[in-house]
Amino acid sequence: MNQATAARADSPMIEITGLNKWYGDFHVLRDIDLTVAQGERIVICGPSGSGKSTLIRCINHLEAHQEGRIVVNGVAMTQDVKRIEQIRRNVGMVFQHFNLFPHLTVLDNCCIAQTWVQKKPRRGAEATAMEFLERVQIADQVHKYPGQLSGGQQQRVAIARALCMQPEVMLFDEPTSALDPEMIKEVLDVMIELAREGMTMLCVTHEMGFAKTVADRVIFMDQGQIIEQAPPERFFNHPESERTQLFLSQILGH
Amino acid sequence: MASTRTEMIAQRRPPDLRRGAMGWLRANLFDTPLNGAVTLVTLGLLAWLLWPALQWAVFQADWLGDSREACSGEGACWVFIGARFESIVYGFYPEAERWRVDLVFLLMAALVAWLAIPRLPAKRWAVLVALVIFPVVAFFLLVGGSFGLAHVPTRDWGGVMLTLTIATVGIVGSLPIGVVLALGRRSQMPLVRGFSVVFIEFWRGVPLITVLFMASVMLPLFVPTQVEFDKLLRALVGIMLFWSAYMAEVVRGGLQAIPRGQEEAAKALGMGYWQRMALIVLPQALKLVIPGIVNTFIALFKDTSLVLIIGLFDLLAIIRAGLTDSNWLGFATEGYVFAALVFWVFCFSMSRYSQYIERRLHTGHRN
């Protein structure tokens, strides 16, 4: 299957079938089936240790899986390094702890992969970087180092860094969990805007307000399995599974 | 009780706590009677120890002349060093060819300046010249035998020139080998990892003296007699491999301190293994272990003097040889003090430069 046929608008962006993963003897992901359409925005929630981070980390092979099939934008995942890197170039990722490169300036954080992975000339890379840094409203800090920025600013830079690679999909792994409360909004605002522009997004998050605002589908995971998935309206107002009801009452009940 | 602030407090300057030299003395040296007493005793002890040393080394020393008759015998006889200075610097390098050594020294000094002074431009080229062009030029200049230069066998090399040759080759060689070994030891590939572990543990488990003996005595037994390796070359290879094992462990310490998220972020951006290492992990890891790296450099520099046991005349050995000169018997103290001073100047410079680099590379983050 080549990319040109795969990138048709009607074919799914991500197709996961029969995914199983173990850490040693611990069965962390069990028979996961998940199809994500192009432009779809998905929020994944669940108690800690339910495998939600592991699931999205399998999509760009930060975690290796033992069983099942993952196809991203028409490219099937194998153990082949070249294939994995091809998939990663299509998939942007934002981490809980930002993981900016502390020895590089904000601008260089956004340029380094463009220069070395996409082999763009420096000037073009900088122009792209500035475009996205402006969109996350951090263009006035580009010559600072990450250590000189607040957590919210760092996370916005991390989002810009991922967008600079022009990915087809964005993965968010608890992007606001490590932030002080007053900085959560500035990051969520960027994510909401991104969702409005039609980016395919998978977000692991506990921000239920965000889920209600932008998600097309909310997925609830527990013990490595998808327990329930539904549009936010139905998910929050009429959850079917008891586990989901319990989880929602715990996080919304105060 | 409730309260509401209506006016914000403006920023103020911090109170001025500097109170001149007297204030400093009182605050730091004489703040309590006991500390005052400790200060006085320490000063007395220093004077008691240092004064005779200064008397010997400077005030009563003899500096000028060309034979032992110029020395009064009350202080140090630096005339000895002066008289042997040429051989201390060049060893037995033929007098007519010493300009070649001078030229190499000059090139090296210029390169170090280019690399060390931040205002000078084009650092990348400086690194390239220092690592690729300079060694080749220095090799042809020092060894000779081509381009119309007379061949100077390495058994004629000696003194500061030999010490610097061994130290430079050791330093420039052991760091990259050490980095590769450190990466190898963390590799996912069992063969690469196994080789790195065995290599590192072997060389770390063997004393350097043994390595040098093996290089000079045993190696010739194993290779066919037609193949003749230069003794200096064998020592250089031994020293390089020995110290690269130490360097590998220092670098590995740095690699382990880099959070896993750094590599994951680089992976997520599509970078391959060598890009992740060269652009993201190693720059951070190496910066973190600059103190350890320079520590190893300094140890390497000082241990170059061990080559005297396989008959190479480095700085220390050439001074020792000078002590047995019948015209200059009895000046061992001067000789060893001078050798110590030369070693100290080089090692202290490396130490200061590393501290300066650390400060310069600091980018306001903790990890």
If you average the alpha carbon positions of the range B:169-246 and of the range B:316-367, how far apart do those two centres end up, in angstrom?
25
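Give the longest segment of chain B that steers clear of GluC sites (Glu not before Pro) in DSSP loops with at most 15 neighbouring Cβ atoms within 10 Å, not counting the sites themselves.
B:75-227
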Using Cα positions and a limit of under 23 Å, work out the lysines in reach of residue B:231, with same-chain residues fewer than 8 apart set aside.
B:302
Are there trypsin sites (Lys or Arg not before Pro) in the range A:34-120 that DSSP marks as loop and that have at most 13 other Cβ atoms within 10 Å, and which are they?
A:119
I'd like the residues of the range B:269-288 whose 1.4 Å-probe accessible area shrinks by no less than 30 Å² going from the isolated chain to the full set of protein chains.
B:269, B:270, B:271, B:275, B:279, B:280, B:284
Using a 1.4 Å probe and counting only protein heavy atoms, arrange B:136, B:294 so the residue with the most accessible area comes first.
B:136, B:294
Residue A:178 paired with residue B:325, simple spin-label distance in nm, labels 7 Å along Cα-to-beta-carbon
6.5
Quick one: P(r) of the range B:94-151 from all Cα-Cα pairs, 5 Å bins, percents rounded to integers, in order of increasing distance.
4, 19, 25, 20, 14, 10, 6, 3
Computed over the Cα atoms of the range A:1-108, the Rg and Dmax in Å are 15.1, 43
Taking a virtual spin label 7 Å from the Cα of residue B:103 along the C-beta vector, which residues in the range B:117-157 bring their backbone nitrogen under 15 Å of it?
B:134-152
Nonlocal amide H pairs with residue A:94, under 5 Å, H built at 1.01 Å:
A:171, A:172, A:173
Listed residues B:245, B:47, B:266, most fluctuating in chain B (Gaussian network, C-alpha, under 10 Å):
B:47
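Kirkwood Rh over alpha-carbon pairs of chain B, then Stokes-Einstein at 25 °C and 0.890 mPa s: what D in µm² s⁻¹, rounded to an integer?
The diffusion coefficient I find is 98 µm²/s.
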Over the heavy atoms of residue A:78, what accessible area does a 1.4 Å probe trace out, to the nearest 10 Å²?
50
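Which entries in the list A:120/B:287; A:185/B:267; A:21/A:144; A:21/A:82 go over 32 Å, if you measure between the two C-alpha atoms of each?
From A:120/B:287; A:185/B:267; A:21/A:144; A:21/A:82, over 32 Å: A:21/A:144.
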Coil-residue trypsin sites (Lys or Arg not before Pro) of the range B:101-162, DSSP, other Cβ within 10 Å capped at 11:
B:119
How large is the accessible surface of residue B:6 in square angstrom, using a 1.4 angstrom probe and rounding to the nearest 10?
130
Put a dot 7 Å past each Cα toward the Cβ at residue A:123 and residue B:204; how far apart are the dots in nm?
5.0
With a 1.4 Å probe and every protein chain left in place, work out the accessible area per residue of the protein assembly as shown in Å², rounded to a whole number.
53
With solvent modelled as a 1.4 Å probe, how much accessible area in total do chains A and B shield from it at their shared surface, in Å² to the nearest 100?
2000
So, taking all protein chains as they sit and a 1.4 Å probe, how much accessible area belongs to residue B:108, in Å² rounded to tens?
50
Select from the range B:1-98 those trypsin sites (Lys or Arg not before Pro) which occupy a DSSP coil region and have at most 11 other Cβ atoms within 10 Å, ordered by residue number.
B:5, B:12, B:18, B:19
Quick check: with the 1.4 Å probe, what order do B:305, A:50 take by accessible area, largest first?
B:305, A:50
Cα point-scatterer Debye curve for the protein assembly as shown, base-10 log of I(q)/I(0) at q = 0.05, 0.10 Å⁻¹:
-0.38, -1.03
How would A:216, B:66, B:31 line up by accessible area, probe 1.4 Å, largest first?
B:66, B:31, A:216
Got the relative contact order for chain B handy, in percent, Cα pairs under 8 Å and 6 or more residues apart?
17
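The values are calculated or read from the model by the stated rules, or taken from the named source; none is laboratory data. Keep in mind that what you see is a predicted model, and the values were worked out from it rather than measured. Note that each Cβ is placed from the backbone with ideal geometry, even for glycine, and that neighbours are counted across all protein chains shown. Each accessible area value is taken on the protein alone, full model and side chains, heavy atoms only, with ligands, DNA and RNA left out. Shrake-Rupley method; radii C 1.70, N 1.55, O 1.52, S 1.80 Å.
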